[in-house]
Amino acid sequence: MSSTEWSAAALHTFDEAVNATAGFRSRPGQRRMAEQVAQAFASATLGKVEEGDDAPVRAIAVVQAGTGVGKSLAYCVPAITLALARNTRVLISTATVALQEQLCTKDLPALAALLPQPFRFALAKGRGRYVCKLKLERLAGTGEAADEDDLFAEEEAAARAARPAHETEARIQFYSGMAQALARGGWDGDRDSLDTPPAHEVWGPVAAEAATCTGKYCPAFSQCTYFDKRKELVGAQVIVANHDLLLSSLGARVLPELDNCLLVLDEAHHLPGTALDQFACSMDLGRHAWVERLASRALRVGGLLAVQEIADVPRHAAQLRQALIDVGRLVQDLYGSALHAQQGGWGPAHVRLPRGELPEALQEPLGQLAHHAEGFAGALRAIAKALRAEMRDKPDEARRLSALYAQIGMLAPRLDQVLATAQLLLQDSAPGAVPAAKWFTLETREGQDDLLQAHASPVLPGSALRKHLWSAVRGAVLTSATLTSCGQFDFFLRETGLHGDDAASTLEVPSPFDYAAQGTLLMAETAADPRDAAAFTAEMVQALVQDLADVRSGALVLFTSREQLRQAVDALPDALRPAVLVQTALPRAQLLRRHRERVAAGQPSIIFGMQSFGEGLDLPGRLCETLFITKLPFAPPDDPVGEARAEWLRAVGRDPFSELVVPATAIRLAQWVGRAIRTEEDRARVVCYDRRLGSTRYGQHLLQGLPPFTRVRRGALEAAS
């Protein structure tokens, strides 16, 4: 079939699916989106291109679909229909667990029963979300990773002795309970399905991380939760993953090959931030004991297997540790005063290197650090190779050998991070190129040593995505309710590396909601300038408390800082306190459940939330009849990556405020405001206390990106009266 015929067939299937779904009605915007998806996926060239063939056709559709459009159906039906017709697969990547679960538990099962051709779907998560049965078995009896065949039993016994007895007992009980639930089928081995997700320090020792996994050589391989899930992916035509897994597994064959599948990126506005997180790195400059432990383990295991490369391990380890000490001391000498002067605020203190230029004093020790980390890592690779060969040749000893592999693998990622961070810190920018962001942080921790770290990160997510993602993709759809900024796609296209890409096309599909009738935007101005944080917060809190007294059902208050939230909580009168649920006081699921129960009982319920509650939160109807925005959600002014990017923009004669700050804030604000109207029956009021929204030129640009609510202004004197 031709691409035109494929596209037409996919749209025909979409129309039939809409008509066959009870309660659904045709939405012109949804069909327009389905048409764009079908055209992109039908025209893309998939699979291997033979020498002499025409260059492969790339097609990337960027679709902003307003709330209520029904974008999941609009991309799922054409994508699945075309994947089945073209004998390929659909890879859907989301940013949140909530959307992954919605697709796999609601949307895709409904479609599987509806579409004429059967298809299978599967959920893909990072391996660290699943338990390692072998580790769990060993920990369930002792609370520590040691057994009679373990070379490190003495070391682990010392660690156990240093821990309070009640904590060791609690861990043993926790791991034993997990092991029993897994054995009887009461738990599937997925961390997310536990009633109470465990803390990282408890889950980490039993996670099925790649560095500690021997794969098919493991004696528990046939019962492995992670590899069982991987098997489900093999037979699935639709795989639902997340942006983190997509970017972290590039080239690793965990997910379908991007040049031979149809890629959907939902919640695509998260992609640039995920890319920066994925390609950033950091290392601890203050704690070095792990280097000696890793060297000791490498020498013992390497000695057992007669690995020649371990001969240089003592030298590399000693020099690596000394280099870490030297770099840490020099950082304290150079930047200690500035770091300590910042102590007492929220989060760790930081000092960024202007223009990414590394001081000469740090270049030699960081060079030594990178050299010895690379040498040490080479020896570990040789040991890992020898262990896998030994397990292949001696399957009866696989359990003991797997334990040794895991013992080294538990510490090896720290060495990898040291190497990656040192290399990026040492990297000089080519003439005209954007320098990496480089900075140091210091965190004072009560009862513990200070945490001194070095960090490095790319500055432009689009450059990283062009290099690592789009170079491999043939057909893709990127969608979200908030892709335009101030009415334009340009900012998003630059952030994702698609600006100027001839393969990329854009489409904006408006929401079917009647925002002017369904919602009101109240711009509640304050006398205090929002840039005067102390005066503004005091006045805003006073106005907020007065407005909260009028709440009769569900409401959501979004804060931009913990200090704002704290002052608002402190200012609550006794009569209001029972109605307020604070994000920092309860787990998210528990808080939302309590909120729904109160509203269902006819009681007022008000959620106080930080920025993470500004998106991905679905509170339809009476659950959010009023949304309060305490301040415009500008990014923190001291973000090192943002600082470095603004510095570069100024250096090349560009304005970071208009080019970076305002567009990013526009997308974030649109997400926040999107919490208010979720269905065609909702009625809601949005209250914003930041006067800049209505009184500044950039505020007018921000308003262009918001739904067309009926707008009302309230002056400071009106609020006080």
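Restricting the stretch 707-721 to residues that are among the charged types (D, E, K, R) and in a strand (DSSP E or B), which is modelled with the highest pLDDT?
Going residue by residue through the stretch 707-721, those that are among the charged types (D, E, K, R) are 711, 713-714, 718.
With in a strand (DSSP E or B) added as a condition, the list becomes 711, 713-714.
On the way: R711: 95, R713: 91, R714: 88.
Out of the qualifying residues, it is R711.
Just give me the residues in the stretch 8-55 being closer than 13 Å to A83 by Cα and either out of contact with any helix residue (DSSP H, G or I) (no Cβ under 6 Å at 6 or more places or on another chain) or of a type in the set (K, R) (or both), in sequence order.
Of everything in the stretch 8-55, those that are closer than 13 Å to A83 by Cα and either out of contact with any helix residue (DSSP H, G or I) (no Cβ under 6 Å at 6 or more places or on another chain) or of a type in the set (K, R) (or both) turn out to be A9, A40, A44, T45.
In the stretch 330-350, is there at least one residue being assigned to a loop (DSSP other than H, G, I, E, B) and of a type in the set (F, W, Y)? Spell out the reasoning first.
Going residue by residue through the stretch 330-350, those that are assigned to a loop (DSSP other than H, G, I, E, B) are 342-348.
Next, only the ones that are of a type in the set (F, W, Y) stay: 346.
Yes, the conditions are met somewhere in the stretch 330-350.
Find the residue count for the stretch 187-201, including only residues that are over 15 Å from R127 (Cβ atoms) and modelled with pLDDT of 90 or more.
The total comes to 1.
Which residue, of A208, A199, is among the small types (G, A, S) and buried (at least 19 other Cβ atoms within 10 Å of the Cβ)? It would help to see each step written out before you state the result.
On the way: A199 fails: buried (at least 19 other Cβ atoms within 10 Å of the Cβ).
Residue meeting the stated conditions: A208.
Tell me, yes or no, whether the stretch 323-333 has at least one residue that is surrounded by fewer than 16 Cβ atoms within 10 Å (Cβ to Cβ) and either in contact with a helix residue (DSSP H, G or I) (Cβ under 6 Å, 6 or more places away or on another chain) or within 30 Å of A406 (Cβ to Cβ) (or both). Let's see the steps before the verdict.
Step one: of the stretch 323-333, the residues surrounded by fewer than 16 Cβ atoms within 10 Å (Cβ to Cβ) are 325, 329, 333.
Keeping just the survivors that are either in contact with a helix residue (DSSP H, G or I) (Cβ under 6 Å, 6 or more places away or on another chain) or within 30 Å of A406 (Cβ to Cβ) (or both) gives 325.
Yes, the conditions are met somewhere in the stretch 323-333.
Any residue at all in the stretch 539-557 that's under 26 Å from the mean Cα position of the chain (by Cα) and under 17 Å from P620 (Cβ atoms)?
So the first thing to find is which residues in the stretch 539-557 are under 26 Å from the mean Cα position of the chain (by Cα), and the list is 556-557.
Within this subset, residues satisfying the condition of being under 17 Å from P620 (Cβ atoms) are 556.
Scanning the stretch 539-557 turns up at least one residue that is under 26 Å from the mean Cα position of the chain (by Cα) and under 17 Å from P620 (Cβ atoms).
Can we say R287 is farther than 30 Å from G475 by Cα, at pLDDT below 95 and not assigned by TED's automatic domain parsing to the domain that holds E495?
Working: farther than 30 Å from G475 by Cα: yes; at pLDDT below 95: yes; not assigned by TED's automatic domain parsing to the domain that holds E495: yes.
Considered against the rule, which asks whether it is farther than 30 Å from G475 by Cα, at pLDDT below 95 and not assigned by TED's automatic domain parsing to the domain that holds E495, R287 comes out as yes.
Being outside the structural domain of K631 (by TED's automatic domain parsing) and surrounded by fewer than 21 Cβ atoms within 10 Å (Cβ to Cβ) is the requirement here; does D502 meet it? I'd like the intermediate steps shown before the answer.
On the way: outside the structural domain of K631 (by TED's automatic domain parsing): yes; surrounded by fewer than 21 Cβ atoms within 10 Å (Cβ to Cβ): yes.
Judged against the criteria, D502 is a match.
If only one of V291, V327, V264, V331 is closer than 20 Å to L411 by Cα and among the β-branched types (V, I, T), which one is it? Before you say what the answer is, go through the steps one by one.
On the way: V327 fails: closer than 20 Å to L411 by Cα; V264 fails: closer than 20 Å to L411 by Cα; V331 fails: closer than 20 Å to L411 by Cα.
One residue alone meets the criteria, V291.
Go through the stretch 8-35 residue by residue and tally those that are closer than 19 Å to V509 by Cα and surrounded by 22 or more Cβ atoms within 10 Å (Cβ to Cβ). I'd like the intermediate steps shown before the answer.
Pass one, the stretch 8-35, residues closer than 19 Å to V509 by Cα: 11, 14-15, 18, 24-35.
Restricting the remaining residues to those that are surrounded by 22 or more Cβ atoms within 10 Å (Cβ to Cβ) gives 14, 30, 33-34.
The number of residues fulfilling the criteria is 4.
Give the number of residues within the stretch 8-58 that are closer than 22 Å to T479 by Cα and in a loop (DSSP other than H, G, I, E, B).
Qualifying residue count, the stretch 8-58: 9.
Can you pull out the residues in the stretch 458-479 that are of a type in the set (V, I, T) and over 16 Å from D277 (Cα atoms)? Before the answer, list the steps.
First, the residues of the stretch 458-479 that are of a type in the set (V, I, T): 459, 473, 477, 479.
V473, V477, T479 - these are the residues of the stretch 458-479 that are of a type in the set (V, I, T) and over 16 Å from D277 (Cα atoms).
Go through the stretch 106-118 and give me each residue that's assigned to a helix (DSSP H, G or I) and surrounded by 11 or more Cβ atoms within 10 Å (Cβ to Cβ).
Of all residues in the stretch 106-118, those assigned to a helix (DSSP H, G or I) come to 106-114.
Those that are assigned to a helix (DSSP H, G or I) and surrounded by 11 or more Cβ atoms within 10 Å (Cβ to Cβ): K106, D107, L108, P109, A110, L111, A112, L114.
When you look at A146, is it part of a loop (DSSP other than H, G, I, E, B), modelled with pLDDT under 90 and small (G, A, S), yes or no?
Details: part of a loop (DSSP other than H, G, I, E, B): yes; modelled with pLDDT under 90: yes; small (G, A, S): yes.
It is true that A146 is part of a loop (DSSP other than H, G, I, E, B), modelled with pLDDT under 90 and small (G, A, S).
Any residue at all in the stretch 83-94 that's at pLDDT below 90, in a loop (DSSP other than H, G, I, E, B) and in the same structural domain as T13 (by TED's automatic domain parsing)? Step through it out loud before you land on a result.
First, pick out the residues of the stretch 83-94 that are at pLDDT below 90: none.
Among the residues of the stretch 83-94, not one is at pLDDT below 90, in a loop (DSSP other than H, G, I, E, B) and in the same structural domain as T13 (by TED's automatic domain parsing), which makes the answer no.
For the stretch 652-706, please list each of the helices (runs of 4 or more DSSP H) lying entirely inside it that holds at least 3 residues being assigned by TED's automatic domain parsing to the domain that holds D532 and surrounded by 21 or more Cβ atoms within 10 Å (Cβ to Cβ). If you could, list the steps in order and put the result at the bottom.
Values: elements: 662-673, 692-695, 697-704.
Fully inside the stretch 652-706 and qualifying: 662-673.
What helices (runs of 4 or more DSSP H), lying completely within the stretch 399-508, carry at least 3 residues that are within 29 Å of G674 (Cα to Cα) and either at pLDDT below 90 or among the charged types (D, E, K, R) (or both)?
Details: elements: 412-426, 461-465, 490-496.
Qualifying helices (runs of 4 or more DSSP H): 490-496.
Of these, R399, R494, R474, which one is in contact (Cβ under 8 Å) with a residue 60 or more places away in the chain, surrounded by fewer than 22 Cβ atoms within 10 Å (Cβ to Cβ) and basic (K, R)? Talk me through it step by step, then tell me what you get.
Values: R494 fails: in contact (Cβ under 8 Å) with a residue 60 or more places away in the chain; R474 fails: surrounded by fewer than 22 Cβ atoms within 10 Å (Cβ to Cβ).
Being in contact (Cβ under 8 Å) with a residue 60 or more places away in the chain, surrounded by fewer than 22 Cβ atoms within 10 Å (Cβ to Cβ) and basic (K, R) holds for just one of R399, R494, R474, which is R399.
What are the residues in the stretch 301-314 that are loosely packed, with under 15 Cβ neighbours inside 10 Å and not in a helix (DSSP H, G or I), if any?
A306
Regarding L366, is this residue over 30 Å from F221 (Cα atoms) and either buried (at least 20 other Cβ atoms within 10 Å of the Cβ) or not assigned by TED's automatic domain parsing to the domain that holds E443 (or both)?
Details: over 30 Å from F221 (Cα atoms): yes; either buried (at least 20 other Cβ atoms within 10 Å of the Cβ) or not assigned by TED's automatic domain parsing to the domain that holds E443 (or both): yes.
Answer is yes for this residue.
Checking A361 against (1) over 30 Å from L401 (Cα atoms); (2) in contact (Cβ under 8 Å) with a residue 40 or more places away in the chain; (3) part of a helix (DSSP H, G or I), which single condition isn't satisfied?
For A361, the failing item is (2).
The values are calculated or read from the model by the stated rules, or taken from the named source; none is laboratory data. Remember, it's a predicted structure, so these values are computed and weren't measured experimentally. Note that each Cβ is placed from the backbone with ideal geometry, even for glycine, and that neighbours are counted across all protein chains shown.
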